[in-house]
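The values are calculated or read from the model by the stated rules, or taken from the named source; none is laboratory data. Quantities reported herein were computed from a predicted structural model and do not represent experimental measurements. Backbone-built Cβ (ideal geometry, glycine too); neighbour counts: all protein chains shown.
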Amino acid sequence: CHSPASLAPRRIMPVRWSRYNPSYLEPEAKKESYQKPLEELTEEEREQMELKAVRPIKAAPPSLSSSVFSDPMISKFTNMMMKSGNKVLARSLMSQTLELIKRKQVEKYHKAPEKEKETIECNPYVIFHQALKNCQPIIGLSSITRGGKTYQVPVPLTDNRRRFLAMKWLITECREHKHRRTMMPEKLSQELLLAFNNEGPVIKRKHVLHKMAEANRAYAHFRWW
Amino acid sequence: MAAPAYPPWVTRWVSGQWRNKKRPPALRPPRTLALADKVANRREQATEATCITEMSVMMACWKQNDFNDAPCAEEIRMFYDCVAKAEKERKNQNEDTLSSRGNLPSSKVNKLLKRFPQITRYV
């Protein structure tokens, strides 16, 4: 069957809904779990191993990796930066960002006096994680309609939602509020370093959200969960 | 059934015809005097919002410390604990047992009653 001639891209292997049979198990990527000797395993792990010998296993997705350098948060961030499925570009931008962070920090390290050298963090992964943690909002606002009027009610957020918001704010900030001709790694490294030190526009946006939640705390009783 | 048909001796007895004290019928039930197999639909009261005290404590701390997160770490941790606990409660709670206030919603009551109806006649 052909898709309408001009616009729709034609797949090589056409796919409809694909869902694994529920008996398929998830693939295990971590090398440490295969290197444990038999005696160290607990009861449940032994049962799990026996189950794996009998049941079929799902195909590993391309984003699953067993390398020591793979980090789930960084993969998530790269996916969010990706546009139109260009994972190559997104990944190169991410690695350039991390390299830039490292360069800036090492430069700072060499220029700093002896006493301050220990306080400067050079590991870009640590900086990335800490910056994300600093950007995560603690409480969110949700619109609840009561008696025809919509109120902004302060609401606790799940972990996933907070991580998503932090990453989304960082990326939007870099894409929209910077000069047109700066490269993305440069903008991102700048934002991440500012967020690492609890400064910068993303942290300000988080504070604005907290202030609004604090102003609307009287409406917190409109929640029913 | 608008006016349920009781056997005639019931009507005669209730009206006092046998005691020479006829009076207008004392009871005029519009429907059958028997329990139905369902309960009226009642709008369930909304459960209260959880973790409000923790949230207000955290916000007071924020106001004092100019919305920095570092000095308020303890309050924030308590808020997260409370939220996690409430979430777990909600997950475990939705079964066919009583809710936290001791009520069953009318839909569940109707389901139970339908499984065990009132037996009106024996075959």
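Annotations
- Condition check for B:N110: away from chain A (no Cβ under 14 Å) and modelled with pLDDT of 90 or more: yes
- Picking from residues in segment B:48-74 that are among the charged types (D, E, K, R) and under 24 Å from A:W224 (Cβ atoms), the one that is modelled with the highest pLDDT is B:E54.
- When B:R43 is tested against (1) within 11 Å of another protein chain (Cβ to nearest Cβ); (2) basic (K, R); (3) under 23 Å from B:S106 (Cβ atoms), just one condition goes unmet, and that condition is (1).
- Residue within segment A:171-184 that is in contact with a Phe, Trp or Tyr (Cβ under 9 Å, 6 or more places away or on another chain) and either surrounded by fewer than 18 Cβ atoms within 10 Å (Cβ to Cβ) or more than 27 Å from B:R77 (Cα to Cα) (or both) present: yes
- A:A29 being out of contact with any Ser or Thr (no Cβ under 7 Å at 6 or more places or on another chain) and of a type in the set (A, V, I, L, M): no
- Segment A:129-160, residues that are touching a strand residue (DSSP E or B) at 6+ places or on another chain (Cβ under 7 Å), surrounded by 15 or more Cβ atoms within 10 Å (Cβ to Cβ) and small (G, A, S): A:G140
- Considering (1) farther than 28 Å from A:L209 by Cα; (2) of a type in the set (A, V, I, L, M); (3) surrounded by 12 or more Cβ atoms within 10 Å (Cβ to Cβ), the lone condition that B:A40 does not fulfil carries the number (3).
- Those helices (runs of 4 or more DSSP H) lying entirely in segment A:1-114 with at least 2 residues within 27 Å of the chain's Cα centre (by Cα): A:32-35, A:72-81, A:87-111
- Members of segment A:127-171 found to be within 14 Å of chain B (Cβ to nearest Cβ) and under 25 Å from A:R103 (Cα atoms), listed by number: A:Q130, A:A131, A:L132, A:K133, A:N134, A:C135, A:A166
- Out of B:R115, B:R31, B:R121, B:R77, one residue alone is surrounded by 10 or more Cβ atoms within 10 Å (Cβ to Cβ), away from chain A (no Cβ under 14 Å) and either under 25 Å from A:V208 (Cα atoms) or of a type in the set (K, R) (or both). It is B:R31.
- Test: residue in segment B:54-63 that is within 22 Å of A:L157 (Cα to Cα), touching a residue at least 24 places away in the same chain (Cβ under 8 Å) and within 14 Å of chain A (Cβ to nearest Cβ): yes
- Helices (runs of 4 or more DSSP H) contained in segment B:40-123 and holding at least 1 residues over 30 Å from A:K133 (Cα atoms) and among the aliphatic types (A, V, I, L, M): B:106-115
- Looking only at segment A:149-167, and only at residues there that are outside any helix (DSSP H, G or I) and of a type outside the set (S, T, N, Q), the one that is farthest from B:K85 (Cα to Cα): A:K149
- Residues satisfying the stated conditions in segment A:191-225, i.e. part of a helix (DSSP H, G or I), surrounded by fewer than 20 Cβ atoms within 10 Å (Cβ to Cβ) and acidic (D, E): A:E214
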